[in-house]
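Read the structure below first, then the notes.
What follows is calculated from the coordinates using simple rules that are stated; it is not laboratory data. All values derive from a computational prediction rather than experimental measurement. Glycine gets a Cβ as well: all are built from the backbone with ideal geometry, and neighbour counts include every protein chain shown.
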Amino acid sequence: MNLHLVSEGRRAGYAATRLKDFAARCRRGGLAVTPQRLAIIRALLESREHPRADAIFAKVRKLHPHISLATVHRTLETLCEIGEARKVTMLHDSARYDGNVMPHHHVVCVKCRRIRDIEIPELDRALAGHAGLGEFRLVGSSLEVLALCDKCRKKGASARYLGSRQPD
């Protein structure tokens, strides 16, 4: 199976394209384009960390000091609803957000919880021809691969973290 991280160049090119057309997509969808929304989507697309709302808030607040964390939360939820962002690791204790809405998967460090995009073309092809799985209708997929990042592995973390949720 061919597993590889999404390259920095590819991620940056995707983000630039999405950002360039963001305002037009919002207008077509009837959503007002505000400086705060633009700052939030920019912060999300520029991050490779799959940030939580509070991290986006901290970045956006530097440009818009009167923005509230509640506004950032609402905007992120709106962006998810209209397909401009998506939640990652929805089953975990706090939502992480991803501006990459193209089909892809994630590798998550079980120690530090760092998330990176990965592509698994064989998995995508295997699922492409299936309309359903029993009583479930297939609408998409996102595999979460649990691993130890190099940094945590070098700090002495071990495989004992795999398969279990450890507190941050």
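Things worth noting here:
- Annotation: amide H-H contacts under 5 Å for Arg96 (H modelled 1.01 Å from N, sequence separation of 5 or more, or interchain): Val88.
- Counting 0.36 nm for each residue step from Ile82 to Lys155 and taking away their Cα separation leaves a gain of 22.2 nm.
- Put a dot 7 Å past the Cα of Ser68, heading toward its Cβ, do the same for Asp54, and the two dots end up 1.8 nm apart.
- 5 Å-binned pair-distance histogram of the chain (Cα, whole percent): 1, 8, 15, 17, 19, 16, 12, 7, 3, 1, 0
- What the Cβ-Cβ distance of Ala23 and Ser94 gives, at R0 = 35 Å and to the nearest 0.05, is a FRET efficiency of 0.75.
- Given +1 at the Cβ of Lys and Arg, -1 at the Cβ of Asp and Glu and no other charges, the dipole of the chain around its Cα centre is 580 debye to the nearest 20.
- Taking Asp21, Asp117 and counting other C-beta atoms within 10 Å, the order from fewest to most: Asp21, Asp117
- Every helix of 4 or more DSSP H residues in the chain counts as -39500 (n - 2.57), and over all residues that averages to -12500 deg cm²/dmol at 222 nm.
- Qualifying lysines (Cα of each under 18 Å from Cα of Lys154; at least 8 residues distant if same chain): Lys111
- The convex hull of the Cα atoms of the range 4-87, projected and averaged over all directions, covers 5.6 nm².
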